[in-house]
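Here is the structure we will look at, set down as structure tokens.
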2 protein chains.
Amino acid sequence: MATGALPLVRLIEQFERLPGVGKKSAQRLAFHILDMPAEKAADFANTILEAREKIKKCSVCQNLTDSETCPICQNTHRDKSTICVVENPQDILAFERTKEYNGVYHVLHGLISPMNGVGPDQLAIKELLARIGTEEVAEVIMATNPTVEGEATATYLARLIKPMNIRTTRLAYGIPVGGNLEYADEVTLYRALEGRNEM
Amino acid sequence: MATGALPLVRLIEQFERLPGVGKKSAQRLAFHILDMPAEKAADFANTILEAREKIKKCSVCQNLTDSETCPICQNTHRDKSTICVVENPQDILAFERTKEYNGVYHVLHGLISPMNGVGPDQLAIKELLARIGTEEVAEVIMATNPTVEGEATATYLARLIKPMNIRTTRLAYGIPVGGNLEYADEVTLYRALEGRNEM
């Protein structure tokens, strides 16, 4: 870069490495950091270090937490007999926003993807099976994404869990609420038709 | 946030404060940081601290630099008699990308904006006048943005500088190269017409 201030170039490069941040955004973010009062910038840096250091996986459900178990697993009001299996911790946030789900979760931290060399062993599957073996589990909800890999992972898990005589369910497919039929793709529409309910 | 890991919540909040980063992006960036190897995250944090600590304003042109004067002012091949006045250091990057400008710069670090309580005193205007008074300056190019505030600042500076018998110019207005006449706004089109050149 023409202005040649090396610490600035390095800062821009760091921002560029973040997902969804292009060259221009990285520049804007870096200049913003330099515009901040020094103590705010130090705060930002320390928050990164603190988060990286303190956050680990919940020993029960593998969600991210700063204590031994996450607040959801610690909550005695949550129904421990229903486990919702998700790909990553972000998915838990999405479910919690519905304010309707009162069970607990299990985070796989990925999906089975032979193309990317990710097999069942790299995911938190043995931890899930151990939970089912030791806790009183009535139902496991497969809540992986409706993609090829999400489907394959759900199917793989269902094959392992169903023989243990545990109810194994999958999220419903259908028209998104507020969506427009005209713009729904044919697979979604077919699934919505197939899964139609009595009124 | 439902997952309740405080260091994570704080990290998301820090990202949310950055310009152009919404709630969802902040979440994605924070989870990305937690996914990084620990030493990469530490690198990121340290780059922020280092940049904030080492970067200061060039004593000549007010550009950001990590030494006493910036590389452009240090460069003996640059024409010191032509000063291009810009709002902020990012604008220098834009000019340097053209690879056509060989003069030097002066960064105002803002524009005159009575609405936001920014007067001439808060900008690096006295430093500019001091340069013009002590260096051999032949031309000052006003390269502030083509906005109301950019115009007002350019006009204000021109009124101060012209009486010092120094050539004072303004960037040309016109149709952007590669643009489409059909989509040009009427003010731009009028300015392009007004500024037409012999072929």
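The values are calculated or read from the model by the stated rules, or taken from the named source; none is laboratory data. What you see is a predicted model; the values in this text were computed from it and never measured. Using ideal geometry, Cβ is built from the backbone for each residue, glycine included, and neighbour counts are taken over all protein chains shown. Surface areas here come from the heavy atoms of the whole protein model, side chains and all, with no ligands, DNA or RNA. Shrake-Rupley method; radii C 1.70, N 1.55, O 1.52, S 1.80 Å.
Some observations on this one:
- 5 angstrom amide H check on A:CYS84, placed H, neighbours 5+ away: A:VAL104, A:TYR105, A:HIS106, A:ILE141
- Chain A Cβ-axis minimum, rotational copy B, residue and distance in Å: A:ALA45, 2
- Heavy-atom accessible surface of chain B: percent carbon and sulfur, 1.4 Å: 53 percent
- Karplus-derived HN-Hα couplings along segment A:115-131 (A = 6.51, B = -1.76, C = 1.60, θ = phi - 60°), whole Hz, x at Gly and Pro: 4, 9, x, 9, x, x, 5, 7, 9, 7, 7, 5, 5, 5, 5, 4, 4
- Column: log10 I(q)/I(0), Debye, Cα scatterers of segment B:76-128, q = 0.19, 0.31, 0.32 Å⁻¹: -0.69, -1.19, -1.23
- Overall, the anisotropy analysis places segment A:1-43 in the oblate class: the square-rooted eigenvalues a ≥ b ≥ c of its C-alpha gyration tensor yield a/c not less than 1.5, with a/b not exceeding b/c.
- Amide hydrogen proximity for A:ARG167: with H placed 1.01 Å from N in the peptide plane, the residues at 5 or more positions away or on another chain lying under 5 Å are A:VAL140.
- Each other copy places its own label point for B:ARG191 at 5.0 nm from this one, sorted shortest first, where the point lies 7 Å along the Cα-to-beta carbon line.
- Check: the protein assembly as shown dipole with +1 on Lys, Arg Cβ and -1 on Asp, Glu Cβ, in debye: 360 debye
- Entries of B:LYS57/B:LYS126; A:LYS40/B:LYS54; B:LYS126/B:LYS162; A:LYS54/A:LYS80; A:LYS56/B:LYS40; A:LYS126/B:LYS40 with Cα pairs more than 19 Å apart: A:LYS54/A:LYS80; A:LYS126/B:LYS40
- Computed from the C-beta positions of B:VAL9 and B:LYS126, the FRET efficiency with R₀ = 41 Å rounds to 0.40.
- Sorted from shortest to longest, the distances between the A:GLU135 label points of this copy and the other copies are 6.8 nm, with each point 7 Å from Cα along the line through the beta carbon.
- Using the Cβ-Cβ distance between A:TYR173 and B:ASN180 with R0 set to 45 Å, the FRET efficiency from 1/(1 + (r/R0)^6) comes to roughly 0.55.
- Percent of Cα pairs in segment A:1-156 per distance bin of 5 Å, from zero to the largest separation: 2, 8, 13, 16, 14, 12, 11, 10, 8, 5, 2, 1, 0.
- A 1.4 Å probe run over the protein chains yields, for the protein assembly as shown, 57 Å² of accessible area per residue, whole-number rounding.
- Rg over Rh [alpha-carbon atoms, Kirkwood Rh] for segment B:1-77: 1.18
- Separation of alpha-carbon centers, segment A:135-163 and segment B:1-74, rounded to whole Å: 39 Å
- Average partner coverage of A:6-16, which counts Cβ from other chains inside 10 Å: 6
- When chains A and B come together, the accessible area they lose, probed at 1.4 Å and totalled over both chains, is close to 4800 Å².
- Probe 1.4 Å, all protein chains present, accessible-area order of B:VAL140, A:VAL177, A:VAL137, largest first: A:VAL177, A:VAL137, B:VAL140
- Approximating the spin labels as points 7 Å out from Cα along Cα→Cβ, the A:SER81-to-B:GLN90 distance works out to 5.7 nm.
- Nitroxide proxy distance, nm - points 7 Å out along Cα→Cβ at B:TYR190 and A:TYR190: 5.8 nm
- Translational diffusion of the protein assembly as shown, estimated by Stokes-Einstein from the Kirkwood radius over alpha carbon pairs at 37 °C in a medium of 0.692 mPa s, is 127 µm² per second.
- Average partner coverage of B:49-59, which counts Cβ from other chains inside 10 Å: 6
- Between copies, B:PRO114 shows label-point distances of 7.3 nm, shortest first, with the point placed 7 angstrom from Cα along Cα to C-beta.
- Global form of segment B:89-175, assessed from the alpha-carbon gyration tensor, a/c cut-off 1.5: rounded
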